[in-house]
1. Has the stretch 43-51 got any residue that is at pLDDT 95 or above and either of a type outside the set (Gly, Ala, Ser) or closer than 20 Å to Thr120 by Cα (or both)?
2. Quickly run through the stretch 136-147 and pick out the residues that are in a loop (DSSP other than H, G, I, E, B) and either closer than 13 Å to Thr43 by Cβ or open to solvent by less than 20 Å² (accessible area, probe 1.4 Å) (or both).
3. Can you tell me which of (1) more than 19 Å from Ala122 (Cβ to Cβ); (2) out of contact with any Ser or Thr (no Cβ under 9 Å at 6 or more places or on another chain) is the one Gln59 doesn't meet?
4. If you scan the stretch 63-99, which residues turn out to be among the basic types (Lys, Arg), surrounded by 15 or more Cβ atoms within 10 Å (Cβ to Cβ) and modelled with pLDDT of 60 or more?
5. Among the residues of the stretch 2-41, write down those that are touching a helix residue (DSSP H, G or I) at 6+ places or on another chain (Cβ under 8 Å) and over 23 Å from Arg52 (Cβ atoms).
6. Can you tell me which of Ala14, Ala18, Ala48 is over 12 Å from Leu144 (Cα atoms) and open to solvent by less than 10 Å² (accessible area, probe 1.4 Å)?
7. Against the definition (more than 22 Å from Pro148 (Cα to Cα), touching a Phe, Trp or Tyr at 6+ places or on another chain (Cβ under 8 Å) and either touching a residue at least 12 places away in the same chain (Cβ under 8 Å) or not acidic (Asp, Glu) (or both)), how does Asp58 come out, yes or no?
Amino acid sequence: MFIYDEVGSSVIGALKYANSHRLVHRLGPRLAAAAPEGLDVVTWAPAAAANRRRRGYDQGELLAREVARRLGTPARRLLARRADIPQTARDRAGRAAGPRIRARRAVSGSVLVVDDVLTTGATLATAARLLRQAGASRVGVLALAWTPPPNFDD
């Protein structure tokens with residue numbers, strides 16, 4: 001929805017670190033408007049357990065549940081994250097490897113995966129692959145912000 005630049009990082013930072021849940025209600029309509037049609041379920045890329053415990057919430061879950069609510073589609077926890085260091089603690093190469101996630105159960109139908117920031121695409125690509133392996137017929141992805149690749153402006 002927007003570039004993860006100085007302004008974008010302020011918005012995401014407020015959502016992730018300043019307990020600004022009200023942003024979810026403001027950003028939800030934009031995310032929902034960008035969602036593909038014909039979805040059966042909305043899920044999210046899970047946050048690292050340590051971050052979830054420290055914050056008391058998973059920002060991806062909050063965003064996914066808001067998108068699902070606006071679409072009239074159920075939100076379900078379809079992915080689980082194994083013990084892992086947060087993506088924000090990794091360099092670009094480490095982020096490209098993606099987090100260690102798994103599908104929690106068999107899945108059917110069309111699934112939308114919501115994440116807060118798309119950096120290398122590894123998290124959403126892994127989530128989509130795992131959900132297809134678990135039985136999803138179609139997987140769409142949606143991120144609130146994205147990080148341009150190096151030298152994007154050149």
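The values are calculated or read from the model by the stated rules, or taken from the named source; none is laboratory data. This structure is a prediction, so every number in the text was calculated from the model and none was measured. No Cβ is skipped: glycine too gets one built from the backbone with ideal geometry, and neighbour counts run over all protein chains shown. What goes into the accessible areas is simple: the full protein's heavy atoms, side chains included, and nothing from ligands, DNA or RNA. Shrake-Rupley method; radii C 1.70, N 1.55, O 1.52, S 1.80 Å.
1. Yes, the stretch 43-51 contains at least one residue that is at pLDDT 95 or above and either of a type outside the set (Gly, Ala, Ser) or closer than 20 Å to Thr120 by Cα (or both).
2. If the condition is that a residue be in a loop (DSSP other than H, G, I, E, B) and either closer than 13 Å to Thr43 by Cβ or open to solvent by less than 20 Å² (accessible area, probe 1.4 Å) (or both), then Ala136 is the only one that fits.
3. Gln59 satisfies all of (1) more than 19 Å from Ala122 (Cβ to Cβ); (2) out of contact with any Ser or Thr (no Cβ under 9 Å at 6 or more places or on another chain) except (1).
4. Within the stretch 63-99, Arg65, Arg69, Arg70, Arg76, Arg81 qualify.
5. Of everything in the stretch 2-41, those that are touching a helix residue (DSSP H, G or I) at 6+ places or on another chain (Cβ under 8 Å) and over 23 Å from Arg52 (Cβ atoms) turn out to be Phe2, Pro29, Ala32, Ala35, Leu39.
6. Ala48 is the lone residue from the list that is over 12 Å from Leu144 (Cα atoms) and open to solvent by less than 10 Å² (accessible area, probe 1.4 Å).
7. Working: more than 22 Å from Pro148 (Cα to Cα): yes; touching a Phe, Trp or Tyr at 6+ places or on another chain (Cβ under 8 Å): yes; either touching a residue at least 12 places away in the same chain (Cβ under 8 Å) or not acidic (Asp, Glu) (or both): yes.
So Asp58 fits the description; yes.
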